[in-house]
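The values are calculated or read from the model by the stated rules, or taken from the named source; none is laboratory data. Everything numeric here is computed off the predicted structure, so don't read it as measured data. Neighbour counts are summed over all protein chains in view; Cβ atoms, including those assigned to glycine, are modelled from backbone coordinates with ideal geometry. Just so you know, the surface numbers come from the protein's heavy atoms only, side chains and all, with ligands and any DNA or RNA stripped out. Shrake-Rupley method; radii C 1.70, N 1.55, O 1.52, S 1.80 Å.
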Amino acid sequence: MSLEGCVQAFHFGNDGQRCFGQFHPAEAGNRVRPAVLICGPIGEEGIRAHRMLRILAERLAASGSPTLRFDYFGTGDSYGDCGDLSLETIQRDILCAHEELVDMTQAARVVWIGLRLGATGALVAAQKPARGPAGIVLWDPVLNGQAYLAELARAHASTPGIGAAAPSPNGQQIHEALGFKISPELWNGLDDMNSIHLKRKPTKRALILTSGATTQIANLEQTLEHLEVVIDKAYDPAEANWNSDNAMNSYFIPNQTINTLVEAIEGWR
Amino acid sequence: MKEKILKFGHDKSLLGLLTQPGRDMGASSIGVVLLNAGIVHRIGPHRLNVKLARRLARLGAPALRFDQSGLGDSPPSRAAVGYEQQAVNDVSAAIDAIVAETASTSVVLVGMCSGADNAYKTALADERVTGIVLLDPYAYSSREAQFDIALRKLFSLEKMKSRFTRIMSSEKTTSAADAERLSTSPAPEDDNNERVAPPLHAFGRDLQILSDRNVSILMLYTNYVSDLLTRKRHFDHAFAGFGFVQKVDVDVDPSINHTYTELSAQEKLFERVLSWIEERSRSEPALDRPDDREGADAIPKTAPLRVRKYRQASGV
């Protein structure tokens, strides 16, 4: 479906926690496939990913998957301030968006696509609902909160033309990164997260889509296998460019990754 | 504060969010339209447009952020016009939308970088625009500026350290390259979107037209243009001979980067823009709308903007 189609922009969620979402109905004529919820990254990564996630949603809708993308409370066009954001609010909003998508589509199956911290939030949140996602795509998930914070701090300090000092290597708390406030709740949550611990089976099937194999990805695979989750994997180092400084303010779109995702979800029957 | 999703423009294809003041605020006669910066979608770099819109609403001024055709969530236009004209058409459509939805009778445009270019071009074409806030608009150097900048570089501590290191290591200096960079005075070009500045006299002429029309102008420069100007007087020198120089508000702050990455820089920006708009609101004419206008009952009387109240209430 193109943007000229009937993409519906709306607010949803409880009073005081309203989120902004955009729903891409499945294009008429295609067999109905699973509904898809896109859980994006936050902060600067969220801005960099906006265009490619819009195109992903269009492609999914065109292939028959009604798709919802949304902003977490305190991010994008949602209500709230960046300081309201935490790992808990991300998970809460993913579950709220899931309910909204089920209400809108009456879909029997919903697949979640999580990118970066959105993947992490999706994986943890998926343990909670009675009828959770039929599958989750974990696209470059953030698996070590401390490393993620250090990465943000380094990127912030190296931004040309700002006066920030380089972060302390000993995990000193940061209050802002790349133009966004980091709340104490978000910082604490990430600082405590050196791996993903799952108590319940989050989903039946997961596609791990990363730019490279790492020890943390291997650990995640072990965790998911232990919980009897069927795992698919896709690696494509070149496609990680969407998050590079060079891609900022450009029209770079990882088409190969988008094709992989659309085909994978078509195959999840 | 409430946000309303709008679809407007030709075939209702442009997506925007209108931030409306609370009912207790009293409506401002000034509406603010926030433009895309580069290809960043309507929320702006670091969500600046969202933060600014909500602060404006707390001040009593409605603000509309939106995506121009082909950016963010607005599809490309089917109209057979070039990018520049399409941008002006889109911003004018946003002005139509905010005037239709609110009590605004005049509009201030806020744009960063390419958004600044589109803001002043729309102001030239649309007389409803009574103010423009240009963040890193086109910049031009002057002999005075080049002298100051060269002098600053010559005596900067880092340069002296670097020079000492080069002498000690017998490396070649790069002074020739430095001199070349300072030798001419075009505005910076953006490698990605090919933002090319018009000749100084053409930009000056356009600003003069706006000034003669009593359009209020605030221009904020950052270290993005530090090779061209670093002080307000450099701007004055570059445009010496133009009458508007006495009327425009120009700030140059080389301690701030182009997209206001640091939160402290964002705070400075918001304070400056809000105070400036509040000042403009004092000279705005009172709202004058026909009573039989649809929804007129819902439109409160206009009130001057209140920065003090905003500061107390601000949480963003």
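Brief remarks on what is shown
- Whole-Å semi-axes of the ellipsoid equivalent to region A:18-149 (Cα gyration tensor, √5λ, descending): 23, 15, 14
- Divided by 2.2 N^0.38 Å, where N counts the residues, the Cα radius of gyration of region A:35-95 comes to 1.15.
- Length-normalised contact order for region B:210-281 - Cα pairs under 8 Å, 6+ apart - percent: 38 percent
- When both region A:85-134 and region B:1-47 are represented by their alpha-carbon centers, they are found 28 Å apart.
- Nonpolar atom fraction for chain A, defined as the carbon and sulfur part of the 1.4 Å probe accessible area, stands at 49 percent.
- For B:S106, residues with placed amide H under 5 Å, excluding near neighbours: B:G31
- For region B:57-62, 3J(HN,Hα) per residue [Karplus equation, 6.51 cos²θ - 1.76 cosθ + 1.60, θ = phi - 60°, Hz, x = Gly/Pro]: 5, 5, 7, x, 9, x
- Chain A: DSSP helices with Cα axial extent of at least 24 Å and average Kyte-Doolittle hydropathy no lower than -1.0: A:43-62, A:87-105
- Residue-by-residue Karplus 3J(HN,Hα) for region B:206-219, coefficients 6.51, -1.76, 1.60, Hz, glycine and proline x: 5, 5, 5, 4, 5, 4, 5, 8, 6, 6, 6, 10, 10, 10
- Its relative contact order, with pairs defined as Cα atoms under 8 Å and 6+ residues apart, puts region B:26-108 at 41 percent.
- Residues B:S275 and B:R152, FRET efficiency given R0 of 30 Å [Cβ-Cβ distance, rounded to 0.05]: 0.55
- The GluC sites (Glu not before Pro) of region A:85-189 include none that meets both criteria, a DSSP state outside H, G, I, E and B (loop) and at most 10 other C-beta atoms within 10 angstrom of the site's C-beta.
- For region B:124-142 and region A:1-61, distance of Cα centres in Å: 35 Å
- Per residue accessible area in Å² of region A:106-227, where ligands, DNA and RNA are left out and the probe is 1.4 Å: 45 Å²
- Taking amide hydrogens as placed 1.01 Å from N in the peptide plane, the amide H of B:V252 sits under 5 Å from those of B:Y221, B:K232, each at least 5 positions away in sequence or on another chain.
- The alpha carbon centroids of region A:187-243 and region B:51-95 are separated by 39 Å.
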